[in-house]
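Below is one structure, written out as structure tokens, with a few remarks after it.
The values are calculated or read from the model by the stated rules, or taken from the named source; none is laboratory data. Here the structure is a predicted model, which is why all the values come from computation and not from measurement. Here the Cβ positions follow ideal geometry from the backbone for every residue, glycine too, while neighbour counts run over all protein chains shown. Ligands, DNA and RNA are stripped out before the accessible areas are found, and what is left, the full protein with its side chains, is counted by its heavy atoms. Shrake-Rupley method; radii C 1.70, N 1.55, O 1.52, S 1.80 Å.
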Amino acid sequence: LWRKSRPASNQHPYLARKCVQAYGIRLLGHSLVIPLRDVSGQLHSLQFIMPGGEKRFITGGRKRGCYYAIGRPVDALCIAEGYATAATIYEATGHATACAFDAGNLEPVARALRGKFPGLRLILCADNDQETENNPGVRYAESAARAVRGLLAVPTFEGVSA
């Protein structure tokens, strides 16, 4: 499926709505295709994002510890949940960013990347799910940051408390 796909356009409805670029991701039919790779670069699965934002993975594909990399790390590497968040962080900071695909995969990805880059500054970028009970985005990012001696970045929203 990855080989059958073609480079994605920045005009894809999902990317346009999120105001981010297509960094090496592809298109199959109307769906964006994002590869999930381990630290050696081996492809383990694919994520499909439909124009409306629905997300699906290949059934039986490996996600744990796999990520999608945007940019090349120099002095810091950010780790975020979804593609749009990772692309936004990359565009705003210029730091290489790894997309972990969901909150539960932040720590496995952070541990894998700490093993690959033992001296690199890792920054866990939380989704601030303040409207969700127990704020899983912040909770999982805090845990991942502690596990790899990384830094934690949590967005704040004007007029709203976390």
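For the reader, a short list of remarks on this structure follows.
- Whole-Hz Karplus values for the stretch 40-55 come out as 8, x, 6, 6, 10, 6, 9, 10, 10, 10, 6, x, x, x, 5, 10 Hz, taken residue by residue from phi with 6.51 cos²θ - 1.76 cosθ + 1.60 and θ = phi - 60°; glycine and proline positions read x.
- For the pair Val154 and Asn10, label points projected 7 Å from Cα toward Cβ lie 3.4 nm apart.
- Length-normalised contact order for the stretch 26-162 - Cα pairs under 8 Å, 6+ apart - percent: 18 percent
- Under-5 Å amide H pairs with Leu27, H placed in peptide plane, nonlocal only: Arg6, Ala8, Val33
- For the stretch 21-106, the equivalent ellipsoid derived from the Cα gyration tensor has semi-axes of 20, 15, 11 Å, listed largest first.
- Measure of compaction for the chain (Cα Rg per 2.2 N^0.38 Å): 1.00
- For the stretch 96-162, the solvent-accessible area works out to 52 Å² per residue, with a probe of 1.4 Å and every protein chain left in place.
- Extents of the stretch 63-135, taken as max minus min of Cα coordinates on every principal axis and listed largest first, are 35, 25, 18 Å.
- For the pair the stretch 91-159 / the stretch 15-41, the C-alpha centres are spaced 20 Å from each other.
- Counting only DSSP beta bridges whose two residues both lie in the chain, roughly 65 percent are antiparallel.
- Extension reserve of the Val39-Trp2 stretch, reckoned as 0.36 nm per residue once the Cα distance is removed: 11.5 nm
- Were the residues from Thr132 through Phe117 laid out at 0.36 nm apart, the gain over their Cα-Cα distance would be 2.1 nm.
- Loop-located GluC sites (Glu not before Pro) in the stretch 66-142, at most 11 other Cβ atoms within 10 Å (DSSP): Glu131, Glu133
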